[in-house]
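Worksheet: the structure to be examined is printed underneath.
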Amino acid sequence: MKKVILATILFLAVSINMQAQLVKLGIKGGINYANQSGTDITVNSINYNSTDAITSYHIGLVAELKLTDGLAIQPELLYSTQGATYKNAITEFKNELGYISIPVLAKINLNKVISLELGPQASFLLSEKNNFDVKDANTFDFAVVGGLGLNITNHLFIQGRYGLGLTDASKDAQVK
């Protein structure tokens, strides 16, 4: 009986160790440099002819599910702030949008240090900070994202990523 219990404990310990090598969990945070672009940027009957990017942040959870030595799936759950500063000849205002973003990336390890990351991202609008009352903002955003990752240690990495919005951010203007 003791041998069966010992064998079961040893089997479970090996299984847990193998699972830990296949799945990594962690937290993630960083800086966003976001802008909106498009045509017909009209707010409260005022046309804005240019936008400038804003610097903001993102924070959340990240997982890495190892499929092979060179390929993993990296789902994330992030709170991300995005938006732009709108300008015309008379006025200027900053529009900051808070999203829950869910990117699911294919992570291709080019070597032990550098990885390529590509995939879709779905975002859901939670909040909007601005100097005007907007009732035409879309609450869902779909994008494709891609970037490069640099592994500093086994538990610390740096990523640079570009997200291209595919859906309009506003119901009344073609803004992405």
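Stretched out fully, how many nm does the piece from Leu156 to Leu71 gain, at 0.36 nm a residue minus the Cα gap?
Residue separation times 0.36 nm, minus the Cα-Cα distance, leaves 28.8 nm.
Given points 7 Å out from each Cα along the Cα-Cβ axis, report the Lys112 to Tyr79 separation in nanometres with one decimal.
3.8 nm
Here, each number is a calculation from the coordinates, and none is a lab measurement. Quantities reported herein were computed from a predicted structural model and do not represent experimental measurements. So basically every Cβ, Gly included, is an ideal-geometry build from the backbone, and we count neighbours across all protein chains shown.
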